[in-house]
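**Q** Could you have a look at this structure, given as structure tokens, before my questions?
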Amino acid sequence: MFSYRHAFHAGNHADVLKHMTLVAILQYMGQKDTGFTVVDTHAGAGVYRLDQDHARKSAESDAGIFRLLAAVEAAKAGSQPVPELVKNYLQQVRSFNQGKDLRVYPGSPWISQALLRPQDKLKLFEVHPTDSRLLDRQVAELERGKQIEVLRRNGFEGLRSLLPTPTRRGLVLIDPSYELKTDYAAVIDCLEEALQRFPTGSYAVWYPVIGRPEAHSLARKLKAMSQRLQRSWVQAELNVGLTPTEGTSAQVAQGRAHTAMRASGMHVINPPFTLAAQLREALPFVTEALQDPIGSGWTVESGNY
Ligand SMILES: C[S@@+](CC[C@H](N)C(=O)[O-])C[C@H]1O[C@@H](n2cnc3c(N)ncnc32)[C@H](O)[C@@H]1O
């Protein structure tokens, strides 16, 4: 049924943007004592090896997390400043690795579980038969009992039964693979309903920026929904550009340059008030670190209510 496996993409530029944003939100939420619930509607396998088959075959992390690490090392060596959020994110990634080499990359469930306090909960939806089994096994090894629950069902549908969260504090991460064209509409429908049930919850949606009408309109619809419902929002996009071998400027202009995804975005509803500034500080550094020569860039837009 589903062929997408996140193991091929772990640590790529999209993960860098998504997981940096996740770290920023959870570290902020952890500042208040009251417990919170994190719901990850599309969890993946949990944690990934960067030095084995799937990841090596695609090598996407080479142009993602590994470039960022190299840039941070270079900045440190040259006594240049590294944005706080970049440091916090890399500290999380490093915490799953011993020594200097990066062999393991944490997916969203792993970043979330590391930032939970005893009073917090994590709910993980995953439908892929292999990845949900892997996730189940890896979560069991954490021995965290009822604090972390793996649900082998459709996250778009299952989310409603968990809202509002018991303490009225919560983050919902919606990170589909968009393998199904219907995922674009499902994101909006699911959010509309979730926001009715739990208007004060925080919601973080990842989306691809690709030449597909549904993708373009999703970014626009997310912004319009937040504005219509008068919820504060932050929308950040990171475009890592193209290499010369992927396309000449003429090919880029004609939209014939490449098929790989080169840009993605995060739309966050009810974000921490600190998030937009943190991303505005971090993304120039990240873009510089990850960019290929043609057409890279970043944006952070926000609205406050
Ligand atoms: C982009 S990956 C998730 C990556 C993960 N959130 C991370 O950041 O590490 C999307 C995952 O959603 C799963 N999936 C697809 N449709 C789903 C659905 N309706 N409900 C739950 N999981 C789904 C896929 O099998 C895949 O593992």
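**Q** Tally up the residues in the stretch 189-209 that are over 22 Å from N304 (Cβ atoms), of a type outside the set (D, E, K, R) and part of a helix (DSSP H, G or I), please.
**A** Summing the residues that are over 22 Å from N304 (Cβ atoms), of a type outside the set (D, E, K, R) and part of a helix (DSSP H, G or I) in the stretch 189-209 gives 1.
**Q** Filter the stretch 6-43 for residues that are β-branched (V, I, T), touching a strand residue (DSSP E or B) at 6+ places or on another chain (Cβ under 7 Å) and more than 9 Å from the ligand (Cβ to nearest atom) and give the result.
**A** At the first step, the residues of the stretch 6-43 found to be β-branched (V, I, T) are 16, 21, 23, 25, 34, 37-39, 41.
If we keep only those that are touching a strand residue (DSSP E or B) at 6+ places or on another chain (Cβ under 7 Å) as well, we get 21, 25, 37-39, 41.
Those that are β-branched (V, I, T), touching a strand residue (DSSP E or B) at 6+ places or on another chain (Cβ under 7 Å) and more than 9 Å from the ligand (Cβ to nearest atom): T21, I25, T37, V38, V39.
**Q** Okay, moving on. Picking from P109, P83, which residue would you name as being within 23 Å of A282 (Cα to Cα), within 11 Å of the ligand (Cβ to nearest atom) and either touching a helix residue (DSSP H, G or I) at 6+ places or on another chain (Cβ under 7 Å) or modelled with pLDDT of 95 or more (or both)?
**A** Numbers: P83 fails: within 11 Å of the ligand (Cβ to nearest atom).
Result of the check over P109, P83: P109.
**Q** Among the residues of the stretch 263-296, write down those that are charged (D, E, K, R) and touching a residue at least 40 places away in the same chain (Cβ under 8 Å).
**A** E281, E288, D292
**Q** Further question on the same structure: For the stretch 160-219, give me each residue that is over 20 Å from the mean Cα position of the chain (by Cα), of a type in the set (S, T, N, Q) and under 24 Å from K32 (Cα atoms).
**A** Within the stretch 160-219, T165, T167, T200 qualify.
**Q** When both residues are 6+ apart or on different chains and their Cβ atoms are under 8 Å apart, which pairs have a first residue that lies in the stretch 54-83 and is outside any helix (DSSP H, G or I), and a second that is loosely packed, with under 13 Cβ neighbours inside 10 Å and small (G, A, S)?
**A** Q80/A74
**Q** Considering (1) modelled with pLDDT of 95 or more; (2) more than 14 Å from the ligand (Cβ to nearest atom), say which one Q52 fails and leave the rest.
**A** So Q52 meets the others, but not (1).
**Q** Among the listed residues L151, L124, L135, L115, identify the single one that is within 16 Å of the ligand (Cβ to nearest atom), farther than 26 Å from N88 by Cβ, buried (at least 17 other Cβ atoms within 10 Å of the Cβ) and of a type in the set (A, V, I, L, M).
**A** Result of the check over L151, L124, L135, L115: L151.
The values are calculated or read from the model by the stated rules, or taken from the named source; none is laboratory data. Please read all numbers here as calculations on a predicted model, not as lab measurements. Neighbour counts run over all protein chains shown; Cβ positions are idealised from the backbone, glycine included.
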